[in-house]
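Notes to accompany the following structure.
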Amino acid sequence: MSEDYTLLRSRQDLAKKLLALGFKIGPFEIRAGDSPAPADLALPVFRLAKETKQNPADLAALVAQRIDLSDTILNSVQAVNGYLNFKFQPELFARAVCADYWRNPRRYGSFPLGKGKTIVIDYSSPNIAKPFSVGHLRSTVIGQALYNIFSFLGYRVVGDNHLGDWGTQFGKLLCAFELWGDTQKLQEYPTRHLLELYVRFHETARNDPALETRAREWFRRLESGDPVARERWQTFVRLSQTEFNRIYQLLGVCFDVTLGESFYADRLTGVIERALKTGVARREKPPRNPGRTPSLDEEVDSEETVVLIPLDSSGIDVPLILQKSDGTSLYATRELATVEYRIQTWQPERILYVVGNEQEFYFQQFNAALKLLGITVPCIHVNFGLIRLPAGRLSTREGRVILLEDVIPEAIERAKALLANRELTMEEKETIARKVGIGAIKYADLSQNRRKDVVFDWNRMLALDGDSAPYLQYAYTRTCAILRKAGEFNPANADPTLLTAPEEKTILMHIARFPEIILASAENYEPHRIANHLYRLAQDFSIFYDRIPVLKADTPQLCNSRLALVEMTGTVLKIGLALLGIEVMERM
Ligand code: ARG
């Protein structure tokens, strides 16, 4: 598999050579430098030195002396302070990287890694009857990128939008709608009206606890299939989904299934009974402090008994509650039914949950419960941070809010302003502005390590000279412009061994690293690795563009070789951006 790519093959070759000398290393202990750094590949020997009780500098010197590079494309090694610095024979390296690329340009960087394997990705998963939040935007954008990346690596990916469409909050909503609902407002601006009702419910319930009882009764009716409750609930779901679908369409996001929590309503009793039967769950007086339960404000009332899974065996002192004293289910109950269903239906190798940091504890509980239930398919919480404004955290009270319905059109408007002076038709401007605006929103998110908070900053997001989608999209259009001007270009007339200028070698190294960047980004569920790599490529391409003549190169052969480099750069940008869910255009 990895034999297909020069850099990976060279790492493996080196690992074998070292093994022959008695040193065991993993291929990724070798670092790939950016040529023309002192090394193309570098191996720190500190670990090996410690294990064999030697001085690192001495060990590096010894290995450098003994290692035999004869049947590799590496041609020099130097020991420098505990590092082994290797260099490629530049002509062979250039030829090999170009050969990797021309074997299958459209799929450059892919591997058949996931052949025969399935991954389920749970992403977006907004809550019905609430406006689509920026948190759900993050889940949507990150989830879609992971979807694309794993598909590119040959996995069968099932994207499941696990809508929050079931739970106590619908009891509250049904109750509030009965009291203050307005059918016309519901049709006009569904999620806003439903949110109003929800807020009003909580305000009123503070002074009127009877309301809570009424709400619980509504949810009980809903769970037991009462036709009135079901029909109203169905309307809320349908209207909210129409709103969400508009957003998905703008973002170019799609799912294989949108099952939602309600889909599992009929399976919940089974889940609870099985957990009780195996002794994993117990019926008990509710714990006094139910602790940090998930975001869907589901509280447990203090009468009678609940069904819970104690998690002490995993060192977690807050049990996972599966059934409330009134017999109704919780978020976690639906979660367990969902995981069972996914395993039965798709036999996944693992399941990814793209959900914010605030549910970290909940996922620890969930995983501890899975262990007790004997479910071994890894369920991985792909967590992420908040979105902040430059002025600080989002705060409704202080007017620092981001509403998605405003953000997307504004991004497109701002992108249009960027294009104001370009020679493009109105129609072209519309299409390009959409790609740039949406791309900018996605890239701002995906270029950061997902675990950290992201700062929502329009200027940075759309900076034509910065780490932004438009910068990368623009770099791509430059590659297109050169190729357009060149006319017919036949890669067979290119001679990669002519690409020896430092600017060219740097780009070749970026291209060579692209496949393993994709691998690392999949392995760590970190799309930012791809984004960051593309940014470096675009920056170095811009240096190349300024310094190295392509169409005016000294000889036709040199021109063709440089055109090949331009074409490879363009394709890597295009493939990489597509993995991030960002579209490119031929001109802008
Ligand atoms: N709807 C939930 C929320 O907004 C997210 C659901 C994530 N998926 C899951 N299987 N728990 O908090």
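Dividing the alpha-carbon radius of gyration of segment 1-110 by 2.2 N^0.38 Å (N being the number of residues), what value is obtained?
Numbers: Rg = 14.5 Å, N = 110, 2.2 N^0.38 = 13.1 Å.
In units of the 2.2 N^0.38 Å rule of thumb, it is 1.10.
If you line up the long axis of helix 56-66 against the longest principal axis of the chain, both from Cα atoms, how many degrees apart are they, to the nearest 10?
50
Using a Förster distance of 35 Å, how high is the FRET efficiency between GLU188 and GLU413, based on the Cβ-Cβ distance and rounded to 0.05? Can you show the working numbers first?
On the way: r = 24 Å, r/R0 = 0.68.
With R0 = 35 Å, the Cβ-Cβ based efficiency is 0.90.
Per the Cauchy relation, a quarter of the hull surface: what is the mean projected area of the convex hull of the alpha carbons in segment 339-493, in nm²?
Working: hull surface 62.1 nm².
That works out to 15.5 nm².
Pick out, in residue order, every one of the trypsin sites (Lys or Arg not before Pro) in segment 518-588 that is DSSP loop and has at most 12 other C-beta atoms within 10 Å; say none if there are none.
On the way: sites: ARG529, ARG536, ARG547, LYS552, ARG562, LYS574, ARG587; in loops: LYS552, ARG587.
Of the trypsin sites (Lys or Arg not before Pro), the ones in loops of segment 518-588 whose Cβ has at most 12 other Cβ atoms within 10 Å are LYS552.
Would you give the gap between the C-alpha center of segment 519-553 and the C-alpha center of segment 191-257, rounded to a whole Å?
About 46 Å separates the Cα centre of segment 519-553 from the one of segment 191-257.
Return one number: the angle in degrees, 0 to 90 and rounded to the nearest 10, between the long axis of the Cα atoms of helix 404-418 and the longest principal axis of the Cα atoms of the chain.
The angle comes out at about 30 degrees.
Per residue, how many Å² of accessible area does segment 1-128 show with a 1.4 Å probe?
On the way: 6140 Å² over 128 residues.
Solvent-accessible surface per residue comes out at 48 Å².
Rounded to the nearest 10 degrees, what's the angle between the helix 90-103 long axis and the longest principal axis of the chain, both from Cα atoms, 0 to 90?
The two axes meet at around 50 degrees.
When the Cα atoms of segment 308-347 are enclosed in a convex hull and the volume is divided per residue, what value in Å³ results? Don't skip to the answer; put the middle values down first.
Values: hull volume 3.1 nm³, N = 40.
Value for segment 308-347: 78 Å³ per residue.
Looking at ALA492, TYR474, PRO515, which one has the Cα that reaches farthest to the positive end of the dipole of segment 466-529 (charges on Cβ: Lys, Arg +1; Asp, Glu -1)?
Looking along the dipole axis, the top candidate is TYR474.
In terms of the Cα gyration tensor, with a ≥ b ≥ c the square roots of its eigenvalues, is the chain rounded because a/c is under 1.5, prolate because a/b exceeds b/c, or oblate? Walk me through the intermediate numbers first.
Working: a/c = 2.75, a/b = 1.61, b/c = 1.71.
It is oblate, given that a/c is not under 1.5 and a/b is not larger than b/c.
Expressed as a fraction of 2.2 N^0.38 Å, the rule-of-thumb size for a compact globular protein of N residues, what is the C-alpha radius of gyration of segment 525-588? Before the final figure, lay out each step's value.
Numbers: Rg = 13.6 Å, N = 64, 2.2 N^0.38 = 10.7 Å.
For segment 525-588, the normalised Cα radius of gyration is 1.27.
Taking R0 as 51 Å, what FRET efficiency do you get between LYS50 and LEU551 from their Cβ-Cβ distance, rounded to the nearest 0.05?
Details: r = 54 Å, r/R0 = 1.05.
Rounded to the nearest 0.05, the efficiency is 0.40.
Per DSSP H run of n ≥ 4, the term is -39500 (n - 2.57); total these for the chain, divide by its residue number, and report the mean residue ellipticity at 222 nm rounded to 500 deg cm²/dmol. Present the calculation step by step, with values, prior to reporting the outcome.
On the way: 20 runs with 305 residues, N = 588.
Using -39500 (n - 2.57) per qualifying helix, the result is -17000 deg cm²/dmol.
In square angstrom, what is the accessible area per residue of segment 496-553 with a 1.4 angstrom probe? Don't skip to the answer; put the middle values down first.
On the way: 1980 Å² over 58 residues.
Value returned for segment 496-553: 34 Å² of accessible area per residue.
At 1.4 Å probe size, with the rest of the protein present, what percent of the exposed accessible area of the chain is carbon and sulfur atoms? Write out the running numbers ahead of the final one.
Numbers: 12780 of 26160 Å².
Carbon and sulfur atoms account for 49 percent of the accessible area of the chain.
Let me know the volume per residue of the alpha-carbon convex hull for segment 408-526, in Å³.
Working: hull volume 18.6 nm³, N = 119.
Looking at segment 408-526, the number lands at 156 Å³ per residue.
Restricting the count to DSSP beta bridges whose residues both fall in the chain, what percent are antiparallel, rounded to a multiple of 5? Walk me through the numbers before you get to the answer.
Values: 21 of 38 bridges.
Bridges in the chain are about 55 percent antiparallel.
Taking every DSSP beta bridge with both residues inside segment 23-159, roughly what % is antiparallel (nearest 5)? Each step should come with its number before you reach the end.
Details: 12 of 16 bridges.
If I count the DSSP bridges inside segment 23-159, around 75 percent turn out antiparallel.
The values are calculated or read from the model by the stated rules, or taken from the named source; none is laboratory data. Keep in mind the model is a prediction, meaning the values are calculated, not measured. With ideal geometry, Cβ positions are generated from the backbone for all residues, glycine too; neighbour counts draw on all protein chains shown. All accessible areas refer to the heavy atoms of the entire protein, side chains included, with ligands and DNA or RNA removed. Shrake-Rupley method; radii C 1.70, N 1.55, O 1.52, S 1.80 Å.
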